[in-house]
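See structure below.
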Amino acid sequence: MLAGAAAGMATPVITSAIGGTPALAAPLEANGFRGRPRPRRITLFAEELPGDMVGYGLAPGEATVPGPVLEMWEGETLEIQLVNNTDHRLSIHPHGVEYDTESDGSPLNDSFNAPGECRTYVWRSRTPYRAEDGAWMPGSAGYWHYHDHAMGTDHGTEGLTRGLYGALVVRRRGDILPDRQYTIVFNGTTINNRVAPEAPIFEARLGERVEFIAISHGNSPHTFHLHGHRWADNRTGMLAGPDDPTPTIDNKDLNPGSSFGFQVIAGKGVGPGAWMYHCHMQVHSDDGMTGLFLVRNEDGSLPPGAEEALRRYHAHFS
Ligand SMILES: [Cu+2]
């Protein structure tokens with residue numbers, strides 16, 4: 001049985017049975033948000049995992065690679081208490097949000113967790129604002145990511161190699177929330193530290209809104225390609241209207257430290273089926289940087305040909 005977890009529209013809290021990207025929503029409205037939100041506090045646990053991996057998790061024993069999707073609404077502040085349950089120095093370092101040097105997560109700024117230590121990191125975000133000279137400055141909204149910056153080297157090279165990374169989504173008020181959400185990290189020549197036929201199989205039902213967050217780490221350039229689907233090359237992956245000149249793409253450069261995200265309507269115009277996603281550098285895809293986006297029928301059943309495609313995926317790379 002390959003069924004992923006069901007998910008509602010009201011909240012982006014989603015856990016995938018395959019791929020391991022539990023999400024953390026930021027329900028500001030439920031907290032009585034009135035323009036200036038109180039800091040929201042979460043606790044993350046860094047733990048050793050089988051296969052020489054290390055992951056972040058929202059509870060002891062729940063660490064995954066990638067770690068949970070952390071979400072903020074623009075304007076919100078997130079206080080992260082990181083518990084280091086390993087014997088290694090490690091940290092958490094975000095992209096895209098604002099933080100003081102004490103929350104940098106780098107040994108350079110003496111900002112990390114010693115083995116067994118608990119440490120709080122504070123991330124701030126902001127809405128677009130007008131500078132004193134009148135120019136508009138960007139807000140924090142975007143598909144970002146976080147990662148270790150201290151294990152092994154001063155750049156966290158061992159931590160990154162072993163899986164200490166995850167997605168950070170900062171949403172603008174009014175952004176459309178997905179039915180399902182998946183993190184894809186091209187790390188070295190792996191996908192989420194796995195290669196085909198063990199690379200993640202992400203699932204959805206025909207017509208569901210699916211959000212992909214793509215991130216890269218390591219020493220190689222990559223190109224991310226998704227079969228049968230396309231998106232607008234901007235912050236959200238969506239157009240503002242029929243005349244929006246944003247290019248439409250289905251393939252995008254993904255270099256170390258980069259990230260982007262987009263939403264698609266699963267199977268829209270192409271139908272259900274086993275759709276590949278992969279790195280488009282041939283030597284990488286041939287070596288197993290290939291996974292599947294399995295779009296089921298609306299009732300959850302598999303469409304004709306999907307079983308065979310799944311078998312071929314497993315046979316081809318094993
Ligand atoms: Cu590649």
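Given the residues Val83, Val122, Val170, which is the only one that is under 21 Å from Ile42 (Cα atoms), in contact (Cβ under 8 Å) with a residue 60 or more places away in the chain and touching a Leu at 6+ places or on another chain (Cβ under 9 Å)? First the steps, then the outcome.
On the way: Val83 fails: in contact (Cβ under 8 Å) with a residue 60 or more places away in the chain; Val170 fails: touching a Leu at 6+ places or on another chain (Cβ under 9 Å).
Unique residue meeting the criteria: Val122.
Has region 298-318 got at least one residue that is within 16 Å of the ligand (Cβ to nearest atom), surrounded by fewer than 17 Cβ atoms within 10 Å (Cβ to Cβ) and either of a type in the set (Phe, Trp, Tyr) or in a strand (DSSP E or B) (or both)?
First, pick out the residues of region 298-318 that are within 16 Å of the ligand (Cβ to nearest atom): 317.
So of that shortlist, the ones also surrounded by fewer than 17 Cβ atoms within 10 Å (Cβ to Cβ) come out as 317.
Those left that are additionally either of a type in the set (Phe, Trp, Tyr) or in a strand (DSSP E or B) (or both): 317.
Yes, region 298-318 contains a residue that is within 16 Å of the ligand (Cβ to nearest atom), surrounded by fewer than 17 Cβ atoms within 10 Å (Cβ to Cβ) and either of a type in the set (Phe, Trp, Tyr) or in a strand (DSSP E or B) (or both).
Specify the residue that is surrounded by the most Cβ atoms within 10 Å (Cβ to Cβ); the eligible residues are those in region 242-261 that are more than 16 Å from the ligand (Cβ to nearest atom) and assigned to a strand (DSSP E or B).
It comes out as Gly261.
Among Ser220, Ser285, which is the only one that is small (Gly, Ala, Ser), without any contact (Cβ under 8 Å) to a residue 40 or more places away in the chain and either exposed (fewer than 15 other Cβ atoms within 10 Å of the Cβ) or within 16 Å of the ligand (Cβ to nearest atom) (or both)?
Numbers: Ser220 fails: without any contact (Cβ under 8 Å) to a residue 40 or more places away in the chain.
Answer to the selection: Ser285.
Quick check, is Val264 away from the ligand (no atom under 12 Å from the Cβ) and either over 21 Å from the mean Cα position of the chain (by Cα) or hydroxyl-bearing (Ser, Thr, Tyr) (or both)?
Details: away from the ligand (no atom under 12 Å from the Cβ): yes; either over 21 Å from the mean Cα position of the chain (by Cα) or hydroxyl-bearing (Ser, Thr, Tyr) (or both): no.
Considered against the rule, which asks whether it is away from the ligand (no atom under 12 Å from the Cβ) and either over 21 Å from the mean Cα position of the chain (by Cα) or hydroxyl-bearing (Ser, Thr, Tyr) (or both), Val264 comes out as no.
Report whether or not Gly267 is surrounded by fewer than 21 Cβ atoms within 10 Å (Cβ to Cβ) and not in a strand (DSSP E or B).
On the way: surrounded by fewer than 21 Cβ atoms within 10 Å (Cβ to Cβ): no; not in a strand (DSSP E or B): yes.
No.
Among the strands (runs of 3 or more DSSP E) lying completely within region 59-159, list those that include at least 1 residues that are among the hydroxyl-bearing types (Ser, Thr, Tyr) and closer than 23 Å to Ile176 by Cβ.
Values: elements: 69-73, 77-84, 118-124, 142-147.
The qualifying strands (runs of 3 or more DSSP E) are 142-147.
Throughout, read-outs are computed from the coordinates displayed, never taken from laboratory work. What you see is a predicted model; the values in this text were computed from it and never measured. Here the Cβ is made from the backbone with ideal geometry for all residues, glycine too, and neighbour counts use every protein chain on show.
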